[in-house]
1. Which residues, taken from the range 21-75, are at pLDDT 50 or above, touching a Phe, Trp or Tyr at 6+ places or on another chain (Cβ under 7 Å) and among the acidic types (Asp, Glu)?
2. Does GLU56 satisfy being among the acidic types (Asp, Glu) and farther than 30 Å from HIS101 by Cβ?
3. Which ones in the range 54-75 are surrounded by 10 or more Cβ atoms within 10 Å (Cβ to Cβ) and among the aliphatic types (A, V, I, L, M)?
4. State all residues of the range 40-54 that are within 16 Å of ILE93 (Cβ to Cβ) and of a type in the set (A, V, I, L, M, F, W, C); if no residue qualifies, say none.
5. Report yes if SER78 is in contact with a strand residue (DSSP E or B) (Cβ under 8 Å, 6 or more places away or on another chain), polar (S, T, N, Q), loosely packed, with under 10 Cβ neighbours inside 10 Å and at pLDDT below 95, otherwise no.
6. Need a quick list: strands (runs of 3 or more DSSP E) entirely within the range 39-105 having at least 2 residues that are in contact (Cβ under 8 Å) with a residue 24 or more places away in the chain.
7. Step by step: first the residues of the range 81-101, then only those that are loosely packed, with under 11 Cβ neighbours inside 10 Å and of a type outside the set (S, T, N, Q), then the one that is nearest to ASP57 (Cα to Cα). Which residue is that?
Amino acid sequence: MGGSGSKAKGVWPFSGSGAGGDLSTEGNEQSLARLKGSRNATPFVFTRRSSLYYDEDGDLAHEFYEETVVTKNGRKKSKLKRIQKNLIPQGIIKLDHPCIHVDFPIILCEV
């Protein structure tokens, strides 16, 4: 359960310790927006990795299934077989509105 924190090691962009990462290793826009200086880092996330895939026909979905006919004891039975090969991930998508980063250490609203 959980496990949605950042996977980057040695980078804590919201602290004042100045422990920043190398900009060349951070490839996407989401790398906490501006990792140059830890004080300039924004708590907002503008992009995310999509969970959708393209198949060989160009269709876009979370999962793909293929109907197969199995003959057992002279009876035909159809089953759905999940396709896991030849799928291309959609990649990085831009969010409609920015979200707050999971590792943002400040309480925004206390009830």
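1. ASP55
2. Details: among the acidic types (Asp, Glu): yes; farther than 30 Å from HIS101 by Cβ: yes.
Answer is yes for this residue.
3. Result: LEU60, ALA61, VAL70.
4. Here is the first cut: in the range 40-54, the residues within 16 Å of ILE93 (Cβ to Cβ) are 44-54.
Those that are within 16 Å of ILE93 (Cβ to Cβ) and of a type in the set (A, V, I, L, M, F, W, C): PHE44, VAL45, PHE46, LEU52.
5. On the way: in contact with a strand residue (DSSP E or B) (Cβ under 8 Å, 6 or more places away or on another chain): yes; polar (S, T, N, Q): yes; loosely packed, with under 10 Cβ neighbours inside 10 Å: yes; at pLDDT below 95: yes.
Criteria met by SER78.
6. Numbers: elements: 44-49, 64-72, 75-83, 92-100.
Filter on the range 39-105 gives 44-49, 92-100.
7. Initially, the range 81-101 is screened for residues loosely packed, with under 11 Cβ neighbours inside 10 Å, giving 82, 84-86, 94, 96-97.
Narrowing further to those that are of a type outside the set (S, T, N, Q): 82, 85, 94, 96-97.
Values: ARG82: 16, LYS85: 13, LYS94: 24, ASP96: 27, HIS97: 31 Å.
Top of the filtered list is LYS85.
The values are calculated or read from the model by the stated rules, or taken from the named source; none is laboratory data. Being a predicted model, the structure only gives us computed values, none of them experimental. Note that we place each Cβ from the backbone using ideal geometry, even for glycine, and neighbour counts take in every protein chain shown.
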